[in-house]
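The structure appears right after this line, and notes come after that.
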Amino acid sequence: PALGGLQQPNAIMTQNHYTPILGAVIYAGTQSLIAELNNESTDRPLLRNCIRMLHELDAMVDFAPFTSPDSTSAPFFCPETATTTTTLVTPSTKLHGGFYTDLIARLISYFDQEGRKWMLESSSTAAADVPSFLMHVEQRLKYVTSIAVYYLPNSTPPPIHHTPLHHPSSSTTSPHQYSNNKRLLASIVDMHLLKPHLTESCLLHPHQLYPLLDDPTRINPDVKRLYLLSRRIENGIETLRSAFAEYGKHKGLSILHPQSSASNATTKEQEKTVIPQLLQFKAHLEALHNIAFAHDNLFAVAIRTVLEDVLNSGG
């Protein structure tokens, strides 16, 4: 509601308290975008106009307070003297957070909390949680892209620092400069919702991953979605390839050395079941490679290595 009377630049620029009002618009704007993430209704055209207004006022990035020429205590902005009146910015100047600063901080916190909530609610043995989580990440990526396209102006956003996550495998990442808003917002989803879970202790844990890889009906779209999302993360494909290789070795050896095999079974009797099972397993790995992993050569090499190791294991 506070945005209603502030959709025109003059409504702010004629005020003596320029910075507090501008901060209120920034806060209301970012709050409205977070509300959309929670499926709450917002006045989208009004919100879009307010964000474009912030862009016109150069308030998308951090800015120094405006002061009148005869006073250093009251924030002030005069359109008539805007081209000649400047604010001296020193290392001790306290900058006010711009729209990007506030939005980035809120999105990082939102997706960080959302990811931790999923970890707490998911069962360590419920493989069905993995497809639903991957689909959720994919939907979040589509949504933040739509936000960038509809709301944000076509300008270069500032570099951002991804804050450390409360996750055992997380670490601080280097700042990156993003050439457009879509990449900026998508990177937050990648780093704070997807990456913390793309580990051997979470999504790639055998209890989660192996049932997913076992099921032929999940090759497309579930395993394929896992592969495509892994490509978005640095070293994500290598991490997935390593987990896939371990899966192949585990399943291959379980075929050669079944725990339930009778002690008096002859070699010929074992060959009658083992060889067809190995051929079927090889076909399954190749289906994963061709359909889910898009003929990725890294996974082709992994399959050859797995089959060689299994056959050379003395089975």
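Laboratory data are not the source of any read-out in this text; all were calculated from the coordinates shown. Bear in mind that the values here come from a model prediction, so they are computed numbers and not experimental data. Using ideal geometry, Cβ is built from the backbone for each residue, glycine included, and neighbour counts are taken over all protein chains shown.
Can you give the relative contact order of region 194-257 as a percent, counting alpha carbon pairs under 8 Å and 6+ residues apart? Normalised by residue count, the contact order of region 194-257 is 28 percent.
For the peptides 138-150, 188-200, the ranking by packing is 188-200, 138-150, with the highest mean count of neighbouring Cβ atoms within 10 Å listed first. Principal semi-axes of the equivalent ellipsoid, √(5λ) from the alpha carbon gyration tensor of region 189-234, are 19, 13, 6 Å from largest down. The local environment of TYR143, defined by Cβ-Cβ distances under 14 Å, has a net charge of -1 under the rule Lys, Arg +1 and Asp, Glu -1.
Between the listed residues VAL301, GLN277, ILE291, the Cα displaced farthest toward the positive end of the dipole of region 271-315, a dipole computed from Cβ unit charges relative to the Cα centre, is found at GLN277. The packing ranking, built from the mean of other Cβ atoms within 10 Å per residue, places the peptides 99-106, 53-60 in the order 99-106, 53-60, highest first.
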